[in-house]
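I have placed the structure first, in the form of structure tokens, so that the comments after it can refer back to it.
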Amino acid sequence: MSTTTTTALGIAFGTWLKKTREDRGLSLRDVARATGVHFTSIRYAELEFGEPKLGTFIAVAQALGANPTTLMRNLLKEANS
């Protein structure tokens with residue numbers, strides 16, 4: 001188990017990442033290759049172990065076709081509802 005506290009934002013991002021990745025038929029390794037982010041970081045994000053680093057968030061959002069600013073705004077709304 002991670003020692004990092006999982007926040008509502010981390011949960012929302014992990015849920016979005018897994019759904020979006022699976023909807024596009026991508027593996028965790030596909031996303032890692034597309035972003036340059038280590039496979040383990042992608043996996044931890046999906047497992048909702050804390051919040052991703054900003055660079056990871058931006059790289060993943062862009063690789064999956066989302067505008068990072070818009071995605072963050074939507075995830076914050078979801079996390080606060």
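The values are calculated or read from the model by the stated rules, or taken from the named source; none is laboratory data. Because the structure is a prediction, the values reported are computed rather than measured. Positions of Cβ are backbone-derived with ideal geometry, glycine not excepted, and every protein chain shown enters the neighbour counts. Note: areas computed on protein heavy atoms with side chains; ligands, DNA, RNA excluded. Shrake-Rupley method; radii C 1.70, N 1.55, O 1.52, S 1.80 Å.
Please go through the range 37-61 and give me each residue that is open to solvent by 90 Å² or more (accessible area, probe 1.4 Å), in contact (Cβ under 8 Å) with a residue 12 or more places away in the chain and in a helix (DSSP H, G or I), ordered by number.
ARG43, TYR44, listed by residue number.
Only one of (1) touching a residue at least 24 places away in the same chain (Cβ under 8 Å); (2) open to solvent by 50 Å² or more (accessible area, probe 1.4 Å); (3) among the polar types (S, T, N, Q) fails for THR70. Which number is that?
That leaves (1) as the condition not met.
Of (1) open to solvent by 60 Å² or more (accessible area, probe 1.4 Å); (2) of a type in the set (S, T, N, Q); (3) at pLDDT 95 or above, SER27 satisfies all except one. Which?
SER27 satisfies every listed condition except (1).
So which residues in the range 11-36 are in a loop (DSSP other than H, G, I, E, B) and not hydrophobic (A, V, I, L, M, F, W, C)?
Looking only at the range 11-36, we keep the residues that are in a loop (DSSP other than H, G, I, E, B), and these are 24-27, 36.
Matches in the range 11-36: ARG24, GLY25, SER27, GLY36.
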